[in-house]
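Scroll down for the structure; my scribbles are underneath it.
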Amino acid sequence: MTVSGLRLRAFPPNWGARTAFVALAVYAAYAFAQLDITAGRLAVGMGEAGRFLGRMWPPNFTRWELLLEGLLESLQIAVIASALGILLALPLGLMAARNLAPWPLALVTRGFIAFCRSLHYVIVAILFVKAIGFGALAGVAALTIASMGFIAKLFAEAIEEISMKQVEAIRATGAGLGAVLIYGVLPQVASRFVGFSLYQLDSNLRNSTLVGIVGAGGIGGTLFAAFKRFDYDFVAAILLAIIALIFVAEVISSRIRALLR
Amino acid sequence: MNALMREWQRFTPAERIGRWAAYFIIVLALIWALRGIEIIPEFLADAPEQMLDLLARMWPPHLGHYHPAVHEALVETLHIASLGTLFSFIFAVPLALMAARNICPYAWLNTLAQLALVTSRSVNSLVWALIFVAIFGPGAAAGTFAIAFRSIGFVGKLLAEALEEISPGPQEALRATGAPDSHVILKGVWPQISPAFWGVALFRWDINIRESAVLGLVGAGGIGVVLDDAINFFQWDRVATILLAILGIVILAEILVTKLRARLI
């Protein structure tokens with residue numbers, strides 16, 4: 001009895017994965033052609049990139065007052081939008097949790113949350129700028145909508161995972177809805193809620209540096225204006241300042257998260 | 001008797017002071033932000049009326065605008081998102097391999113790769129788009145590169161984390177047979193991270209669909225260009241059509257990703 005006729009392979013070929021890779025390669029070639037991205041254009045772009053970087057260096061910090069003003073406004077937008085978003089997300093999350101709310105309410109709330117989340121915050125910011133005028137208020141409104149959707153979704157999911165025993169125990173004492181929520185539900189999800197809020201504050205800070213591009217306040221407006229004036233050394237200064245701000249915020253929030261754990 | 005009457009407290013005094021300090025800082029930050037921010041009271045009072053007016057102008061959406069201009073822009077957006085995601089992997093996979101401490105033994109290379117990934121993540125895709133519009137000129141090429149460069153950091157970070165969590169057993173077994181590095185990666189590492197790999201790819205593609213819809217606002221191609229034009233011309237029924245198209249594509253992408261993820265993982 002020999003098995004010489006059979007080719008034994010340690011690893012059988014995975015045809016599914018191979019087909020998927022070939023399909024992706026074919027798609028990439030097709031999409032490159034569709035979008036008119038050619039080697040010649042890339043070569044020109046590389047030259048332009050060199051020139052661009054050359055003009056960005058050295059970063060020009062002489063207008064640091066303008067820069068600081070923009071950064072502080074971004075920070076203010078982020079703080080207010082996070083606070084409003086967190087406050088609004090609390091009732092929405094409770095209403096969207098299918099184990100607590102009656103199902104028609106949960107369904108409607110879920111639809112509303114999904115709607116808030118599916119439009120990009122920059123698009124929401126444009127609409128608010130058109131409706132309520134230029135300035136930080138539009139940025140606050142746009143980021144509030146985004147934060148509300150994000151936290152409410154995660155909060156609802158967290159509530160759906162809680163143990164119902166404690167809720168039933170509180171209910172059995174004859175407690176009303178408020179007492180059930182405060183003593184049965186919230187203690188189980190409070191730490192996760194704080195985690196989501198912290199994460200959202202972090203991402204609001206990133207996003208608030210951006211909504212200015214469409215006129216909704218913060219450093220983004222300064223950045224966009226500098227780009228339009230081909231003021232690339234000031235652009236470099238603004239970008240460095242934004243990266244530094246985000247980096248500091250990330251360090252602080254990871255410290256706080258480590259403290260909470 | 002006295003011992004029974006003792007009052008129990010949930011937190012130690014130090015914890016209580018810490019909690020109050022945290023609340024105090026939060027309130028202080030809020031007050032600072034509310035006092036500092038420039039909000040024009042007339043705009044705030046006017047806001048609900050203006051919002052309703054805007055919605056009234058948008059309704060009903062003029063669906064006749066969809067074909068052909070909006071449709072073509074939507075397809076372009078899809079191409080930008082998909083191609084950008086694919087493109088990001090060319091850079092993200094090597095960077096992730098370099099950043100994972102159990103794959104790449106050189107500490108300086110780990111740090112360098114981490115630094116590249118952090119830089120990519122710190123710059124928002126809209127800012128990347130501004131940069132690439134300055135380099136390539138307006139159009140879909142700039143959008144594709146913006147999406148790709150923003151995705152590198154995200155994909156690379158998650159892949160590196162997945163790589164660091166794999167079990168070293170299969171790698172050691174393959175090394176013991178005398179297999180070269182490429183075989184160790186392909187048969188010892190890849191099978192362990194492939195679910196994470198496809199999960200990250202789908203997740204990022206879903207995000208990129210949303211992000212590529214706004215890149216056009218700075219001239220980087222896709223449906224954002226059409227949206228910007230419609231807003232500048234105050235064609236609000238057209239704006240509504242475009243927003244519905246974006247909403248539709250985002251929801252479709254999310255459903256597709258959920259289905260694919262359930263099958264793959």
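The table below gives the values:
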item	result
Rounded to the nearest 20 debye, dipole of segment B:8-50 from Cβ charges on Lys, Arg, Asp, Glu	580 debye
Lysines with Cα under 24 Å of residue B:187, excluding same-chain neighbours fewer than 8 positions away	B:157
GNM result for chain B, Cα springs below 10 Å: residue of B:20, B:59, B:205 fluctuating most strongly	B:20
Distance between segment B:213-265 and segment A:54-125 - C-alpha centres, whole angstrom	19 Å
Where only C-alpha atoms are counted, convex hull volume of segment B:62-264 per residue in Å³	119 Å³
Amide H within-cut-off set for residue A:134, under 5 Å, with H built and near neighbours excluded	none
Segment A:15-55 - Rg (one decimal) and Dmax (whole number), Cα, Å	15.6, 50
Dipole-positive endmost among A:54, A:225, A:24 within chain A (Cβ charges, Cα centre)	A:24
Neighbour-count order for B:190, B:236, B:108, fewest beta carbons within 10 angstrom listed first	B:108, B:190, B:236
Computed over segment A:56-201, the ratio Rg/Rh where both radii use C-alpha atoms and Rh is Kirkwood	1.13
Equivalent-ellipsoid semi-axes of chain A, from the Cα gyration tensor, Å, largest first	41, 36, 19
Equivalent ellipsoid semi-axes - Cα gyration tensor, segment A:112-261, angstrom	39, 19, 10
Ranked packing of A:134-142, B:195-203, B:27-35, most packed first, by mean Cβ within 10 Å	A:134-142, B:195-203, B:27-35
Cα coordinate range in the protein assembly as shown, projected on the principal axes (Å, largest first)	85, 70, 51
Relative exposure of A:116, B:104, judged by other C-beta atoms within 10 Å (fewest first)	B:104, A:116
Peptide A:22-33, shielding by other chains (average Cβ, 10 Å cutoff)	3
Top of A:62, A:144, A:19 by mean-square fluctuation, Gaussian network on chain A, Cα under 10 Å	A:19
For B:203-213, mean number of other protein chain Cβ atoms within 10 Å	1
Kirkwood Rh in Å, taken over all unlike Cα pairs in segment B:6-76	18.2 Å
Residues B:120, A:147, B:88, sorted so that the one with the fewest Cβ neighbours within 10 Å comes first	B:120, B:88, A:147
Net charge of neighbours whose Cβ lies under 12 Å from the Cβ of residue B:57, counting Lys and Arg as +1 and Asp and Glu as -1	0
Assigned charges on the beta-carbon of Lys, Arg, Asp, Glu; segment B:167-265 dipole about Cα centre (debye)	420 debye
Calculated [θ] (222 nm, deg cm²/dmol) that DSSP helices of n ≥ 4 give over the protein assembly as shown, each run adding -39,500 (n - 2.57)	-25500 deg cm²/dmol
Axial C-alpha extent at least 20 Å, average Kyte-Doolittle at least 0.5 - helices from chain B (DSSP)	B:13-36, B:71-99, B:107-122, B:140-164, B:236-264
GNM flexibility winner over chain A from A:146, A:172, A:96 (Cα, springs under 10 Å)	A:172
Kirkwood Rh in Å, taken over all unlike Cα pairs in segment A:197-261	12.7 Å
Within 10 Å of each Cβ in B:127-133, the average number of Cβ atoms from other chains	5
Separation between Cα centres of segment B:168-198 and segment A:198-219, rounded to whole Å	42 Å
Shape call, segment B:205-250: gyration tensor on alpha carbons, a/c limit 1.5	oblate
Mean Kyte hydropathy of 0.0 or more with a Cα span along the axis of at least 18 Å, helices from DSSP in chain A	A:15-34, A:39-56, A:64-96, A:103-118, A:136-160, A:232-260
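No lab work stands behind these numbers, since they all come straight from the coordinates. Computed from a prediction, not measured in an experiment: that's the story for all the values here. Neighbour counts run over all protein chains shown; Cβ positions are idealised from the backbone, glycine included.
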